[in-house]
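In what follows, a structure is listed as structure tokens, so that the remarks can point back to it.
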Amino acid sequence: MEHRILGRTGRQVGVVGLGAWQLGADWGEVSEDEAFATLGAAVDAGVTFIDTADVYGDGRSEQIVGRFAKGRPELTVATKMGRRLEQIPSNYVMSNFRAWNERSRQNLGVDTIDLVQLHCPPTPVYSADAVFDALDTLVAEEKIAAYGVSVETCEEALTAIARPGVASVQIILNAFRLKPLEQVLPAARAAGVGIIARVPLASGLLSGRYDEHTTFAPDDHRTYNRQGESFDVGETFSGVDFSTGLEAVRRLVPLVPEGGTMAQFALRWILDQEGVSVVIPGARNPGQATANAAAASLAPLPAETLDAVKVVYDELIRPQVHHRW
């Protein structure tokens, strides 16, 4: 698998990583055995970057990832913090950072976490010097090796990129979310900040496996967060109306290269965007993890295909979401 530098961390990572949200919660139940099998399949396929968070399954995802990664120094494990308390800027203070960091280090079974990201905090947090001073202190104390941010909006990303200590920005980027291409990716490239592309398959919409009759379990966020009832609606189907997304996928299917799947095409599209360090599709089973990793072996998409993706976005998706994120 191709490797790229993950921004200011200086670490080389495989271009397709693994998002471990599914291994914790909010996607229906995944057994511990299945979780370990999924992680194993991903790593066997060349994955070296795993992204989790302290709130995924209230620590379950971190614990599983930590046990799996033990004795595998080639893996880079990133986690996130900040969503364990009410989302107000005054909760983003050093005492809470220390508590969250201690809990995550215990869950992961490490003294130093490779990368800790603020987990989509309130917008004012990105402009608070004290927040980044605290993160710098954790780096100096070797509690974390590097820090980054996970953002909801392009404006938040640009504010974070201007911070000299921010190593990486995690942002929603996929064929339904093109806005980061305009300013965020160029700014990140110029600053040497890594881009971690999340929600790359628009919560599965871009896998091409769903239709109007698809239903999801009650404990799956694709059931209970379609209107943003529990967290930002952009995290579910990239904020795109389900039926509109289905129509967009039908128009994208003819662009899939021979020998590839719709999901692999969607991941390859992200890897072809200059400035992307790693894309982090989730997986619920070993087969999904292996298939996602194989997207890295697809040839880069031709310019006319990239143009065709933009046409579908401009006609169907942009009117819905472009102004929001």
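Considering only segment 187-213, how many residues are out of contact with any Gly (no Cβ under 7 Å at 6 or more places or on another chain) and more than 20 Å from Arg268 (Cβ to Cβ)? Adding up the residues that qualify gives 6. Considered as a group, the residues in segment 61-99 that are charged (D, E, K, R) and open to solvent by 60 Å² or more (accessible area, probe 1.4 Å) include one that is nearest to Gly10 (Cα to Cα), and that residue is Glu74. Only a single item in (1) under 17 Å from Asp220 (Cβ atoms); (2) in contact with a helix residue (DSSP H, G or I) (Cβ under 8 Å, 6 or more places away or on another chain) is not met by Leu18, and it is number (1). The set of residues in segment 33-62 being assigned to a loop (DSSP other than H, G, I, E, B), within 30 Å of Pro121 (Cβ to Cβ) and either among the hydrophobic types (A, V, I, L, M, F, W, C) or touching a Cys at 6+ places or on another chain (Cβ under 9 Å) (or both) consists of Val47, Ala53, Val55. You will find that of Thr123, Thr137, Thr112, the residue that is out of contact with any Leu (no Cβ under 6 Å at 6 or more places or on another chain), closer than 20 Å to Ser230 by Cβ, surrounded by fewer than 21 Cβ atoms within 10 Å (Cβ to Cβ) and among the hydroxyl-bearing types (Ser, Thr, Tyr) is Thr123 and no other. Residue check: Glu86 meets all listed conditions (1) part of a loop (DSSP other than H, G, I, E, B); (2) under 30 Å from Ala263 (Cβ atoms); (3) not aliphatic (A, V, I, L, M) but one, namely (2). If the condition is being in contact (Cβ under 8 Å) with a residue 40 or more places away in the chain and polar (S, T, N, Q), then segment 199-251 contributes Ser207, Ser238, Thr244. Could you list, in sequence order, all residues of segment 11-32 that are in contact (Cβ under 8 Å) with a residue 12 or more places away in the chain, out of contact with any Gly (no Cβ under 6 Å at 6 or more places or on another chain) and in a loop (DSSP other than H, G, I, E, B)? Selection gives Arg11, Val15, Gly17, Ala20, Asp26, Gly28, Glu29, Val30. Looking across segment 182-197, the residues that are surrounded by fewer than 24 Cβ atoms within 10 Å (Cβ to Cβ) and out of contact with any Lys or Arg (no Cβ under 9 Å at 6 or more places or on another chain) come down to Glu182, Gln183, Leu185, Pro186, Ala187, Arg189, Ala190.
The values are calculated or read from the model by the stated rules, or taken from the named source; none is laboratory data. Quick caveat: nothing in here was measured; it's all calculated off a predicted structure. Cβ: placed from backbone, ideal geometry, glycine included. Neighbour counts: every protein chain shown. Ligands, DNA and RNA are stripped out before the accessible areas are found, and what is left, the full protein with its side chains, is counted by its heavy atoms. Shrake-Rupley method; radii C 1.70, N 1.55, O 1.52, S 1.80 Å.
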